[in-house]
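Okay, so here's the structure we're looking at.
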Amino acid sequence: MEAPLCYQTINACLRVSRARLALFVLSISVLPVGASLAHAQETTDAEAKRPDVELTLGGTLQPRFSHGRLDSMDPGPDRERTGFGLRRARLRATATLAERAGAYFQLGAAGASVQLLDAEVFFDVTDALRLRAGRFTVAQPRAFQLTSHKQIDLTARAAIARRWGDGALGNAGRDFGLEAFYETNRFTARAALHNGNGSWDRALGNYREDEVGDPIGGLHTRGVAVSAYGAWRPAALPRVEAGGYAGYNGARNRATLPPGGGASPLEDATRPYAGYSGHLYWGPRPGSQPVRLKADLIGTRYGALSGEGTGDLSQHALGASLLGAVGLFDRSAELLARAERYDPRLDSDGDATDYLSAGASLSLSALRGRPYERQRLTLSYATRLDDERNPHLAVLQAQIVF
């Protein structure tokens, strides 16, 4: 009698265990299916609300370590500074509606705050032609903002381009306006009508008054700006790019104050200007070929300034730059050198400034067959040859593009 009872007990336990095991397996099987259904439901809801919107996010981070030195002009020790810093922290977002219209934003860190650098709406008339309005990088010399911060050869753009920006458009080459942008594999053309002062300050560049009672709402401006840029990449000469820029700015923005003109009334000292540039590149992008050469010429002719204490002041600034780069390690690294001269030509008696910079870059992403700019280390040195203060700047900069 004991054996059958034991057998019955064991059999009952097995039945319970099998039932529990089946329930456990069923629950494991159902959970992923339920999660998938829930995810599918969420995805379907999102697509149902905006089925024709595509959102693209990206960014750049450039931490650096720098050492700067400047000889003292007074009796005493020379000035030096060494430390870590952050050159750029950018976040970009593009929302495209029905593959034609959309909006683009770019945020940049400015100290402990965040600054809106670009804000534009666009419409693609064709695959090659885009119209855009808002605040963006307008047509300008190739060596300035048209060279993306992700594609800078060393750790800074050419000095003559920065000098042009400081004395012409200002505001990092951005402005409020309307632009037509045309680009194919062989041609790039862009033409912009813009304010001539890209400041976010409503009294200067961001003109958006709503009340007709005071339609000025800031400084009196005497004109707007028009700019055009073009580049050609011939099929017979791979990686060669030739182009130029021409523009006129009648807004008389604050960047056009002449040397020593900061104490003059703003509307009496600012000037209109006509700008122009030309460039010839053999390999515009870092790491694109074993040997690269880049030549730039940038000029700015300011309107004559006549007023009390200024005399008849005329100025035609001119800058030239030449860069050479040699690829290493199957184009995963480069050695670079750049020589520049900027002549303010103030009253035909300006003192020219010579710049020299050199360095090397290594792309960790190119070593793995990815784009050169994605993960990059750059070591650079720069100086001004004719400056009696004998300035020196060495920078080691990392770059992550995502």
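The values are calculated or read from the model by the stated rules, or taken from the named source; none is laboratory data. Treat the numbers as computed from the prediction; the structure is a model and nothing was measured. With ideal geometry, Cβ positions are generated from the backbone for all residues, glycine too; neighbour counts draw on all protein chains shown. Ligands, DNA and RNA are stripped out before the accessible areas are found, and what is left, the full protein with its side chains, is counted by its heavy atoms. Shrake-Rupley method; radii C 1.70, N 1.55, O 1.52, S 1.80 Å.
The figures follow:
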quantity	calculated
Candidate set: the stretch 315-350, residues that are under 17 Å from A295 (Cα atoms) and hydroxyl-bearing (S, T, Y); chosen: the one surrounded by the most Cβ atoms within 10 Å (Cβ to Cβ)	Y342
Residues (open to solvent by 70 Å² or more (accessible area, probe 1.4 Å) and out of contact with any Gly (no Cβ under 8 Å at 6 or more places or on another chain)) located in the stretch 98-122	E99, R100, F105, G111, A112
Filter pass, F84 being among the aromatic types (F, W, Y), surrounded by 15 or more Cβ atoms within 10 Å (Cβ to Cβ) and over 21 Å from R157 (Cβ atoms)	no
Selected residue (only one of D386, D330 is modelled with pLDDT under 90, in a loop (DSSP other than H, G, I, E, B) and of a type in the set (D, E, K, R))	D386
Filtered residue count, the stretch 351-383, keeping only those that are open to solvent by less than 80 Å² (accessible area, probe 1.4 Å), within 20 Å of G287 (Cβ to Cβ) and in a strand (DSSP E or B)	12
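A quick yes/no check of all residues on (1) at pLDDT below 80; (2) touching a His at 6+ places or on another chain (Cβ under 7 Å); (3) in a loop (DSSP other than H, G, I, E, B); (4) open to solvent by less than 20 Å² (accessible area, probe 1.4 Å):
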| residue | (1), (2), (3), (4) |
| --- | --- |
| L193 | no, no, no, no |
| R202 | yes, no, yes, no |
| D210 | yes, no, yes, no |
| D214 | yes, no, yes, no |
| A231 | no, no, no, yes |
| A246 | no, no, no, no |
